[in-house]
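Step one of this worksheet: look at the structure below.
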Amino acid sequence: MVFIDDLANEGLKDSKGEKGQLTSFEGFTLSSAFHPIISIPHRRAVGYEALIRAKDEKGKPCSPLSLFSLPRSSVEVLALDRTCRQLHINNFSGQETVDEWLFINLDAQGIESERPAMGFMLDLLARYELPPQRIVIEILEHEIDDREYLKGLIKHFREMGCLIAIDDFGAGHSNFERIWDLEPDIVKLDKSLVSRAANSSKVKRILSGMVSLIHETGCLVVIEGVETKGEALIAIDVDADMVQGFYFALPDAMINSNLELDTTLTELVQLQRLQARKQTQQLDYYFNRFHELFEKAMCVLVENKSLDQAADIIFREERAIRCFLLDEVGYQKGSTIHAKPYERQFDKRVLPLLSGKNASWSHKYYHFRAINQPDKLQVTRPYLSVAGLQMCITVSKAFELEGNVFVFCCDLYWQDN
C-alpha cells in the first residue's frame, strides 16, 4: 500500500521499466500510457491524456476498473489517485515534448471525502519541474455532490495556473447548468455522442448544437472516442476544436511525433468540404426547381387573391406540408392550408397547435428576413415547427397587394436522410 503521507513527503519508490517509470499498488504494477488529443486546425497533438495501465502479480494486464475497485476506503481512493497522478507527471516530464498539455484525471470522490490540504499537485509539479500551465485537470463533475467544494477545488487549480476540463459531458445527467456554474476551459464530449451521431442525422444536429452552445460559454470542445473515419468527419463537421480516439492514435507509454496526422487531417477536412459542397449543390438544385413552383403560386395568389389556388400549385411538391399568409407585422391572415396527405396523418395530440389563425410569427426568420429583403426568396434552416411538431424548412417571400405588404410562406417536410 502507498499512503498519502508517503506521496506528499517522500515520493514514490519507483522502478524503471522499458517505457517509463513503474510503481505498485496492492500488488499491481502500474505504468502510464498517453493518448494524443489532436487539434483539428493545427493538425497535430496539442495534449496527451494520461491513462493508467495495470498488471497483476503474474504480469497479466488488468482493466483500470479492476484496479480502481481495490480501495476499501476514501483514504485508499485518494492514495491511489495520488499514486496515479505522481506516476503520470513523472513519466510525462521525461518525454520529449515542447508545450503540449498533460490531461490528468482527478478522482473527485476521494478528494471530497478526505478534504486533504491543498498543495499536493503544486509540490508535485515543482518536484518534476513541470509548469502548471501545461496541466489540464479533468473532472467528472457529477462525482462531487458538494458543489461549493467543487468550485473551490477548481479555483485552487486555476490559481495554480492549470486549465480545467469537464470530462464525459453528455453522459448520464450532464447538463449545461454545470458548465455555466463551473466555467471550465475545456469540455470533453462523451464518446457515445459521436457514435450515435454517425448513425442519426438528428443526433448529429443535436451534437452540432451542443458544440455551438459550449463555444458560446467560452469553452473549447474535445470529442472523445473517435474510432472511425465517419466519426472523424462528423467531429470536423460539427466544428469541434479537438479530437481524441483510436482512429487517430492508440495510447502509448512513449510520446512520439505522428507525422501522418497532418496528412490524415488534411484529407479529412478536404473530404468534409467535398461532402458539404455536394450536399449544397443537391439542395440548390432542389430549391431552384421548387423556386419556379413557388413563383407560379405567388402569381396566382396576386392575380386571383386566392390562397387556396396558390396552395394547390405548391402541393404539387410532395414535401410541401402547409401554406399560410402573414401581414407586414407578422400576423397570420386566415387559416393555414394543409396538404391533403398531411391532413390524413394529423396527430390529434397536437391539435391546439395546428390552427395558426391570428397567430403572430413576426419573430421568425422567414417573416422579418422576407420583409427586409422583399425581392429575395427566403429559405430557413431545418427547425422543429411549433405548428405540427415536425422538422421542416420554411420558404417565404414578401409581395405587395393593393398597397399592403404580405409574406407568402410554405413549409416543406425535412427528412433526416
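Once amide H atoms are built 1.01 Å from N in the peptide plane, which residues 5 or more positions from residue 48, or in another chain, come under 5 Å H to H?
37, 101, 102, 103
Among 98, 329, which comes first, then next, by fewest other beta-carbon atoms within 10 Å?
Ascending number of Cβ neighbours within 10 Å: 98, 329.
Can you work out the FRET efficiency for the pair residue 304 and residue 389, with r the C-beta to C-beta distance and R0 = 35 Å, to the nearest 0.05?
The computed FRET efficiency comes out at 0.60.
How long are the semi-axes of the ellipsoid equivalent to the stretch 279-413, from square roots of 5 times the Cα gyration tensor eigenvalues, in whole Å, largest first?
Working through the eigenvalues yields semi-axes of 20, 18, 15 Å.
What ranking do 23, 217 get, fewest neighbouring Cβ atoms within 10 angstrom at the top?
Least crowded to most crowded, the residues run 217, 23.
Hey, could you grab the Kirkwood Rh for the stretch 17-171? Inverse mean 1/r over distinct alpha carbon pairs, Å, one decimal.
Hydrodynamic radius (Kirkwood, Cα only) of the stretch 17-171 equals 16.3 Å.
State, as an integer percentage, the relative contact order of the chain based on alpha-carbon contacts under 8 Å between residues 6 or more apart.
Over the chain, the number comes to 11 percent.
Lys pairs in the stretch 4-251, Cα-Cα under 21 Å, at least 8 apart or on separate chains: how many?
The number of close lysine pairs in the stretch 4-251 is 18.
Among 307, 150, 22, whose mean-square fluctuation peaks in a Gaussian network model of the chain (Cα, cutoff 10 Å)?
Evaluated over the chain, the most mobile residue of the options is 307.
Counting only GluC sites (Glu not before Pro) that sit in a DSSP loop (anything but H, G, I, E, B) with at most 11 other Cβ atoms within 10 Å, what is the longest stretch of the chain containing none of them?
The longest uninterrupted stretch comes out as 130-317.
Nearest 500 deg cm²/dmol is fine: what mean residue ellipticity at 222 nm does the chain get from its DSSP H runs of n ≥ 4 alone, each adding -39,500 (n - 2.57), divided by its residue count?
-12000 deg cm²/dmol
Can you give me the C-alpha center-to-center distance between the stretch 321-347 and the stretch 28-83, rounded to a whole angstrom?
Using only Cα atoms to place each centre, the spacing works out to 58 Å.
What ranking of 357, 60 emerges when the number of other C-beta atoms within 10 Å of each C-beta is taken as an exposure proxy, fewest first?
In order of increasing Cβ crowding within 10 Å: 60, 357.
Between residue 63 and residue 312, what is the spin-label point distance in nm, taking each point 7 Å from the Cα along the Cα→C-beta axis?
About 6.7 nm, to one decimal.
So between residue 151 and residue 42, what do we pick up on full extension, going 0.36 nm a residue minus the alpha carbon distance?
Working it through step by step, the gained length comes to 36.1 nm.
Spin-label point model (7 Å from Cα, Cβ direction): what's the residue 415 to residue 99 distance in nm?
5.0
Show me, bin by bin at 5 Å from 0, the whole-percent P(r) of the stretch 226-272 based on Cα pairs.
5, 19, 32, 27, 12, 5, 1
Count the DSSP beta bridges whose two residues both fall in the chain, then state the antiparallel fraction as a percent rounded to the nearest 5.
Once the DSSP bridges in the chain are tallied, antiparallel ones form about 70 percent.
Spin-label point model (7 Å from Cα, Cβ direction): what's the residue 291 to residue 381 distance in nm?
Here the modelled spin labels are 2.2 nm apart.
Can you tally the lysine pairs in the stretch 279-413 where the Cα-Cα distance is under 17 Å and the two residues are eight or more apart, or on different chains?
Lysine pair count for the stretch 279-413: 12.
With a sphere of radius 10 Å drawn around the Cβ of residue 390, what net charge do the other residues whose Cβ falls strictly inside it have (Lys, Arg +1; Asp, Glu -1)?
Residues near residue 390 contribute -2 overall.
Between residue 400 and residue 276, take the C-beta separation as r, use R0 = 45 Å, and let me know the FRET efficiency to the nearest 0.05.
Efficiency at R0 = 45 Å is approximately 0.75.
Grab the beta carbon distance between residue 256 and residue 213, set R0 = 35 Å, and tell me the FRET efficiency rounded to 0.05.
0.45
What residue among 194, 302, 221 shows peak mean-square fluctuation when the chain is described by a Gaussian network model with Cα springs under 10 Å?
Judging by the Gaussian network model, the answer is 302.
Which loop-located chymotrypsin sites (Phe, Trp or Tyr not before Pro) does the stretch 320-417 contain, where loop means any DSSP state but H, G, I, E or B and the Cβ has at most 16 other Cβ atoms within 10 Å?
Listed in order of number, the matching sites are 346.
Taking 0.36 nm per intervening residue step and subtracting the Cα-Cα distance, what contour gain separates residue 56 from residue 359 on full extension?
Separation in residues times 0.36 nm, less the Cα-Cα distance, equals 102.2 nm.
Here, each number is a calculation from the coordinates, and none is a lab measurement. Remember, it's a predicted structure, so these values are computed and weren't measured experimentally. All Cβ positions, glycine included, derive from the backbone under ideal geometry; neighbour counts span all protein chains shown.
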